[in-house]
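The values are calculated or read from the model by the stated rules, or taken from the named source; none is laboratory data. Remember, it's a predicted structure, so these values are computed and weren't measured experimentally. Every residue, glycine as well, gets a Cβ built from its backbone with ideal geometry; the counts of neighbours run over all protein chains shown.
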Amino acid sequence: MNGAARLEAFLEMMSAERGASANTLDAYRRDLEDASAFIGGGLAAASTADIRAWLDDVAGRGFAPTSQARKLSAVRQFFKFLYAEGLRQDDPTGIIDAPKKDRPLPKTMREDAVTRLLDRAEIEKREAADDAERLAACRLNALVETLYATGLRVSELVALPVTVALRDERFFVVRGKGGKERMVPLSPKARAAMKEWLAARAGVARLKESPFLFPASSESGHLPRQVFARDLKALAGRAGVPVAKVSPHVLRHAFASHLLQNGADLRAVQQLLGHADISTTQIYTHVLENRLVELVSRHHPLAD
């Protein structure tokens, strides 16, 4: 089995056994092909010194410690696979330390900024000049309301099945990373926005028969996440919200931050976001600082 065949076998295993998404598989492929191209003799036969030299090259190209660590993680997984399959008798990454990285605080939005965004989406839906404008406005309104109500990853949002809107329930189950399922809430406003979007798309033959809630003429059959990200930024501009600070992922962060600001339990937020490890969710606790300072200032007997 040559190097290319081993790479394909590894990616097939990641997809079949671990449920890796297409985006994850693409990232693994890029990182492993990058390492293989640098090492020259093929990644599968690399030594510890070869991999260290590649990591030094990656750092020299200006990649952040987080990106360096991700690339090393991909190579580690590849060698674990080779060892498990008997294609290699050692793991050259075993004694290599991952680059130290600082976990950045998540970018988020103030509640008033989110309110302006949602209000603008609602206004544009009501004031649409024609059917085409109303169709686009209804879709964007449903997307934004649903994202902020659920905290879904953008890939989960755009691929929602139409049955989520047809059931008219307060909760639904979504399949997230690694094929893991979790239950997420759906606010009355989000349910209403979905219903309006269903009614609007019912008059369009190419849309009404799709199994996806947000269908599109794309390879996947649903709205590409890049299209939603572009439309969201445009909406932010029209709402007077700084465009550079708005993205689907930032709105997901806002969902989590605002829940914690208003007293939600950290474990509950972890479950809603679909985080496997609570340490990932703990990065949101920075949003509690102002709330805790205010709480102590208001209620502590010596705070005067």
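What the table below lists for this structure:
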read-out: Hits in region 255-270 (condition: part of a helix (DSSP H, G or I) and either exposed (fewer than 14 other Cβ atoms within 10 Å of the Cβ) or in contact with a strand residue (DSSP E or B) (Cβ under 6 Å, 6 or more places away or on another chain) (or both)); value: 267, 268
read-out: Residue within region 18-36 that is over 24 Å from the mean Cα position of the chain (by Cα), not assigned by TED's automatic domain parsing to the domain that holds residue 177 and not in a helix (DSSP H, G or I) present; value: no
read-out: Those residues of region 68-91 which are under 13 Å from residue 35 (Cβ atoms) and among the hydroxyl-bearing types (Ser, Thr, Tyr), in sequence order; value: 73
read-out: Extreme residue, nearest to residue 23 (Cα to Cα), among residues of region 216-231 that are surrounded by fewer than 19 Cβ atoms within 10 Å (Cβ to Cβ) and in contact with a strand residue (DSSP E or B) (Cβ under 7 Å, 6 or more places away or on another chain); value: 221
read-out: All positions within region 44-91 that are surrounded by fewer than 19 Cβ atoms within 10 Å (Cβ to Cβ) and not in a helix (DSSP H, G or I); value: 47, 61, 62, 63, 64, 85, 86, 87, 88, 89, 90, 91
read-out: Elements of type helices (runs of 4 or more DSSP H) contained in region 151-245, each with 2 or more residues being touching a residue at least 60 places away in the same chain (Cβ under 8 Å) and within 14 Å of residue 136 (Cα to Cα); value: 188-201, 225-239
read-out: Pair list, Cβ under 8 Å, 6 or more apart: region 44-71 residue touching a residue at least 24 places away in the same chain (Cβ under 8 Å) and within 21 Å of residue 90 (Cβ to Cβ), other residue surrounded by 14 or more Cβ atoms within 10 Å (Cβ to Cβ) and acidic (Asp, Glu); value: 71/31; 71/34
read-out: Residue 59 vs. criteria at negative phi and touching a strand residue (DSSP E or B) at 6+ places or on another chain (Cβ under 8 Å); value: no
read-out: Members of region 44-58 found to be at pLDDT 90 or above and not basic (Lys, Arg), listed by number; value: 46, 47, 48, 49, 50, 51, 53, 54, 55, 56, 57, 58
read-out: Some residue of region 125-146 being surrounded by 13 or more Cβ atoms within 10 Å (Cβ to Cβ) and assigned to a loop (DSSP other than H, G, I, E, B); value: yes
read-out: Selected residue [assigned by TED's automatic domain parsing to the domain that holds residue 254, at pLDDT 95 or above, farther than 24 Å from residue 272 by Cβ and surrounded by 20 or more Cβ atoms within 10 Å (Cβ to Cβ)] from 234, 193, 239; value: 239
read-out: Identity of the residue in region 162-178, β-branched (Val, Ile, Thr) and more than 25 Å from residue 16 (Cα to Cα), that ends up surrounded by the fewest Cβ atoms within 10 Å (Cβ to Cβ); value: 163
read-out: Region 204-215, subset exposed (fewer than 11 other Cβ atoms within 10 Å of the Cβ), of a type outside the set (Gly, Ala, Ser) and modelled with pLDDT under 90, residue farthest from residue 190 (Cα to Cα); value: 206
